[in-house]
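Here the structure comes first, spelled out in structure tokens, and everything after it is commentary.
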Amino acid sequence: RRWHKVSDAVVVAVDLKNSTQLGLNKRAASTASIYEAAIKPVTDIFLAFDASDIDIQGDGAFGIFWGSDRTERAICAGVTVKTFSAKHLVPRLTARWDTLPATGFKVGIAASSLLAKRVGVPRTMHQEEVWPGKAVNYATKAAQCADADELIVTNTVWNRIENNHYITHACGCPDGISCRMLWTPTTIDRLRDDEPDRDGHVLRSTWCDLHGPEFCEAIINGQTKREEIQELLTQGFISQSLAAK
């Protein structure tokens, strides 16, 4: 009956590229299996990183994170979704159906305060949570601007993670260059020209098979500095602004 306010929430929106074409000329059971293979693991990933709420929307979903470590948990969930998409989902689908269009999850992450309320017919299945506020809308638009297996964060989220070496810099695999910046500036052109969050950053890499679990755990545990990156930064060999360029 009342509106509840979440002072700061981080939203991870997931959208499946070319989803409307995946079921064309296929039996209903095949179409259902494609959606099941795609969406269920996403909800499992959100739950694994303690999403406070999950909403499934046909070919996509979004997870809402609040409370302690919300930004870190959301980032790890987003990278895990795109890793699952690139290394497991797409290879499985293309191995079974060689005529599928290019597909894969597009991921967007945004943050803001949110309002929450159940609307519809009380005490029935015809009732859903609604989440007025920028975060859900902006995360969805960021995902729409991404390509398959890309993750785009808004400027608000980037400002929170840009100094976390476990998030921003490569582990060193496979080329041995651990100082390589992983993110590239991008424009979220579905947002207004005067919106600061329009200036986003895009990630195209996935978790490393060797170092991914270690980095993910470090991020969740609140670690931000890697000795090898900090040493290079201190010596002036690299800088955040130069690496970004």
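The values are calculated or read from the model by the stated rules, or taken from the named source; none is laboratory data. Fair warning: this is a prediction, and the values are worked out from it, not measured in the lab. Cβ sites come from the backbone with ideal geometry, for glycine too, and all protein chains shown count toward neighbours. To get the accessible areas, we keep the full protein, side chains included, count just its heavy atoms, and leave off ligands, DNA and RNA. Shrake-Rupley method; radii C 1.70, N 1.55, O 1.52, S 1.80 Å.
Residue-level analysis places ILE219 among those that are within 19 Å of the chain's Cα centre (by Cα), of a type in the set (A, V, I, L, M) and either at pLDDT 95 or above or part of a helix (DSSP H, G or I) (or both).
Looking for something within 17 Å of the chain's Cα centre (by Cα) and surrounded by 14 or more Cβ atoms within 10 Å (Cβ to Cβ) - is there at least one such residue anywhere in region 23-32? So far as region 23-32 goes, no, none of its residues is within 17 Å of the chain's Cα centre (by Cα) and surrounded by 14 or more Cβ atoms within 10 Å (Cβ to Cβ).
So which of ALA77, ALA32 ends up being closer than 14 Å to ALA139 by Cα and assigned to a helix (DSSP H, G or I)? Lay out the reasoning, then the answer.
Values: ALA32 fails: closer than 14 Å to ALA139 by Cα.
Testing whether each residue is closer than 14 Å to ALA139 by Cα and assigned to a helix (DSSP H, G or I) leaves just ALA77.
The C-beta contact set for region 211-232 (first residue closer than 24 Å to TRP66 by Cα and open to solvent by 70 Å² or more (accessible area, probe 1.4 Å), second residue modelled with pLDDT of 95 or more and outside any loop (DSSP other than H, G, I, E, B), distance under 7 angstrom, 6+ apart or interchain) comprises GLN223/TYR166; LYS225/HIS165.
Going by the structure shown, is GLY200 of a type outside the set (Phe, Trp, Tyr), on the phi > 0 side of the Ramachandran plot and either touching a Gly at 6+ places or on another chain (Cβ under 9 Å) or not in a helix (DSSP H, G or I) (or both)? Here the answer is no, as GLY200 does not meet what is asked.
For ARG198, the conditions (1) within 12 Å of ALA110 (Cβ to Cβ); (2) crowded, with 18+ Cβ neighbours inside 10 Å; (3) in contact with a Cys (Cβ under 9 Å, 6 or more places away or on another chain) all hold with the exception of (3).
If I filter region 9-29 for residues that are free of Cβ contacts under 8 Å to residues at least 24 places away in the same chain and in a helix (DSSP H, G or I), do I get at least one hit? Break it down stepwise before answering.
Going residue by residue through region 9-29, those that are free of Cβ contacts under 8 Å to residues at least 24 places away in the same chain are 23-25, 27-29.
Then drop every residue that is not in a helix (DSSP H, G or I), which leaves 28-29.
For region 9-29, residues free of Cβ contacts under 8 Å to residues at least 24 places away in the same chain and in a helix (DSSP H, G or I): present.
Condition first: closer than 23 Å to ASP209 by Cβ and assigned to a loop (DSSP other than H, G, I, E, B). Can you find one or more residues in region 64-74 that meet it? Scanning region 64-74 turns up no residue that is closer than 23 Å to ASP209 by Cβ and assigned to a loop (DSSP other than H, G, I, E, B). Take the residues of region 67-111 that are small (Gly, Ala, Ser) and touching a strand residue (DSSP E or B) at 6+ places or on another chain (Cβ under 7 Å): which is nearest to ASP149 (Cα to Cα)? Per the criteria, the residue is SER85.
Taking the conditions exactly as written (open to solvent by 20 Å² or more (accessible area, probe 1.4 Å), in contact with a strand residue (DSSP E or B) (Cβ under 7 Å, 6 or more places away or on another chain) and part of a loop (DSSP other than H, G, I, E, B)), does ASP189 satisfy them or not? Taking the combined requirement at face value, the residue does not satisfy it.
Screening region 81-179 for strands (runs of 3 or more DSSP E) wholly inside it with 1 or more residues that are among the aromatic types (Phe, Trp, Tyr), open to solvent by 10 Å² or more (accessible area, probe 1.4 Å) and without any contact (Cβ under 8 Å) to a residue 24 or more places away in the chain returns no ranges.
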